[in-house]
1. Extent of the stretch 306-389 along each principal axis, from alpha carbon coordinates, in Å, largest to smallest?
2. If the cut-off is a Cα-Cα distance under 18 Å, which lysines reach LYS589, setting aside same-chain residues fewer than 8 apart in sequence?
3. Would you pull out the residues with amide H under 5 Å of GLY253's amide H, same chain only if 5 or more places away, H placed 1.01 Å from N?
4. Efficiency by 1/(1 + (r/R0)^6): what FRET value for LEU267 and GLU154, r their Cβ-Cβ distance, R0 = 30 Å, to the nearest 0.05?
5. If you rank ASP533, ASP356, ASP452 by fewest surrounding Cβ atoms within 10 Å, what's the result?
6. What is the fewest-to-most order of LYS568, LYS407, LYS627 by other Cβ atoms lying within 10 Å of their Cβ?
7. Under the Karplus relation 6.51 cos²θ - 1.76 cosθ + 1.60, θ = phi - 60°, what is the ordered set of whole-Hz ³J(HN,Hα) values for the stretch 287-302, x standing for Gly and Pro?
8. Quick check: the angle from helix 637-655's long axis to the longest principal axis of the chain, C-alpha only, nearest 10 degrees?
Amino acid sequence: MLTIKKIVIAISIWLFAMGSALAETKVNTEVLEAFAKQAQYLDIQISPEGKYIASTSRAEDGKVFVTVLDIKEQKVTALIRGSGNQSVGSVTWLNDERLLLTMVREIGSLEAPVPTGELLAIDADGSNQAILTGFRSETGDKRFSFVVDTLPLEPDVILVGSSSPNSENPFLDIDRMKISNGRRASAGRIPLRAYEGATPAVITDNNGNVLVAIAEDPNKDNAMVMMTRTSKDAEWEDFAEYPNYEPSFRPFGFLPDNLTLVGVSTLETDTWSLATLNIKTKKHEVLASHPKVDIQPIIGEQNGLFTEVFGVGYEYEEIGAMFFDGIKDVKTASVIASLFNTFKGQAISLASSTADNSKLVLSVGNANHPQKFYLYDSEANGLIELAQSRPWLDDVEIPESKLITYKARDGLEISAVLTLPPGKEAKDLPFILLPHGGPHGPYDTISRMDTDAKVFASHGYAVLQPNFRGSGGYGLPFEKMGFRNWGTTMINDMTDGTMHLVEQGIVDKDRMCVYGGSYGGYAALQSVVREPDLYQCTVGFVGVYDLDMMEELGDIPERQAGLNYLAKVLPQGKDRDFQSPIKNVDKIKVPVFIIQGEEDRRVPKEQAFALRDELEKHNKPYQWMMKSGEGHGFYKPENNIERWTEMLKFFNQHTSKS
C-alpha cells in the first residue's frame, strides 16, 4: 500500500510528465528547422564588367565559402572554401577575371569573426590560386595583413597594410602588392602603433594615397587618435584626439577633391550625423542628421571609387531614407530612391555594381521579409531577382515584427521591437522579454530578422526586444546613460517595457518569462533578481552572471583596451555586488535555464558553472545545457533546434494556464 508521501510524489511526477507532454506537442519542429537553417547567400559581388557574380554562402558546418557564376553561360565556374576552421570573410573583384578573398575564423554567433591576416587571390575559374599573405604565403611574409585599397584604376595591384605578429606593439606598414604573386613594394609606414585588438585604420584618397590614419590608443583610455597628411610626400601631423565615448568624427572616405573627408559625427549633434571635415582647413559641416536616431549614409561610387553621398537612411518608427538634391549620378541615385518606394519599409543596400554602374546588385529585406538579392540592369531598365537568402521560409508563416515606443519611468523614450504571433488577437498573450547583448553599441532593429523572436512568436508568444538606455543607434548620450547601470536603470527600462504591454492588455501578466544571450543573459537573470514576482521563468544563454569574474576571465580583460572598457561601463564598489546576479541568487523565485557554449571565449563556461553552483547552494530549481564545439552563441543548426525545443518546453511548462 502506498504511503501518502509516495502518492504525492507519484502524482507530482505524473503532473510533470503531463506538463512535459503538453509542452512537447506545442513545439513545431518544422518551424525550428526552417529558422535554424543557415542562409544560402550572405553577399553577392558582380565583376567590374558584369561577366561574373561571386556569392558567399554558409555551409551546414557553419563555414562560409564562395561560388562563382558565369552570368551569360549560367554555370558555376568555381567553388572556393577555406582550409581547416577558416571561413571566407569577404570577396572582392580585383578585375573581371580575378578575385581577392579575406579569411576569418568564426568564434560564435554573438561575436564578430576574427581575421586571420591571410589574403587569397584566385581566378574566376578557380585556377591560379595564390596565398598572398600570412604563414602559408608563397613569399614567406608572415605579417598580419589586410586590404587598404583595391586600387580599381590599377587592376593588377592592391594596397595592403601589415604588422608583425612578433612585435608587441608594431607600426603599420603600407605596401603595394602584385595580385599575381604577392610581391610587395613599400609605400611607407604609418606612425601609429597596432595594439592587440586595435589595428589602425587608414583611408586613401582617390589616387590610392594613404592620407589619414586612425587608431584607438589603449594607453590613452581608448581615445581615438587621428593623423593626416595632405599628400603622399607630406609629413604626418596630429589632426585630432577624440576621448573614448565623447563627441568625435569617424571618416569613411574622401570626396574627389582629396581634402574633404565624409563621415559620421557627433561633434555638433547628439546622434550620429552625416558630416564633412576638411583635413587642411579643419572645417566641419553637418550635412544631415536625425534628432532621435543615428543615420547611415547611402553612398555613390563610380569605377570602384567613392564619389558622393546620395542621402541617408534611418530607422525611427519605420525604415526611411532621405535623398539629397544636386546629385551628380542622378541615374543611380534615382534607381535606389525608387526602390525604397517599391520595397516600402524594407532595408535596401547596394551590395555591388559594375564599374560603370550599368548593373547594380541590391540587397533587400527586413525583419518580416528574408533578405533577397536583385540585379538591376539599366539597359533593360528592369529588376531581376537573383537569389533568396532563405527560400524555404516562403512556406512558413512569419510572425510580424514592428517598432513601438514607450516611456520609461523617468520619462525617457524607449524604442523596441515587438513581435506578435500570427493569427492571434493581441490580447492576454504569453510573453517573452528578449533583451539584446552588447550592451553598448548593439541595438534591436526591424532591418533584419531575429530568429529567436520569430521562433517564439511562431509558438504563440509575444516577444519584446527593448532598446534600453545604453543601446547603440540612439545617440551618444543615450548610450552613455547605461554606463555602470547594467543592473539598475537598464533593467528598469526593460521592466517598463514589459509593464507597458501588460497595461495595454497585450500580454498576460501571469504568463511571462525573460530570456537573453550574452549581456542579455545577464539581464535575464538580473530581471528576476530585481523583479522576483514579475516573471514565471528565466533563461540565460552564454550570459555574464558575476561581474567580478568578467574582469578576470574571457577575451575582454586579455587586452588593455578591454580593461579600459570594463572600467568605464561596469558598476563599481558596492554597486557591483548589487548588480551581480550571482550574488543575489537568494532573491530568485523562479526556475532558471542555463545554456552555454563550452568553447566560449567571450564569456567562458566558468560563469555558467558559478551560477549553477549558487543555484544548487540555495536549492533553486534550474535546467542545464552545455554544448561542446560551440562558442559565444550556437552555430550548428541541430544545436539551435535542440536549444529552441528545450526552451519552448521550459517556457510552455511555466507559462501554461492552470
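Rule-based calculations on the coordinates, nothing more; no lab input. Just so it is clear, the model here is predicted, and its values are computed rather than measured. FYI the Cβ positions are ideal-geometry reconstructions off the backbone, even for glycines, and counts take in every protein chain you see.
1. 33, 29, 20
2. Leaving aside lysines fewer than 8 places away in the same chain, those within reach of LYS589 are LYS509, LYS617, LYS620.
3. VAL262
4. 0.30
5. ASP533, ASP356, ASP452
6. LYS407, LYS568, LYS627
7. For the stretch 287-302, the Karplus-derived couplings read 8, 6, 7, 10, x, 10, 9, 6, 10, 10, x, 9, 9, x, 10, 9 Hz, x marking Gly and Pro.
8. It works out to around 40 degrees.
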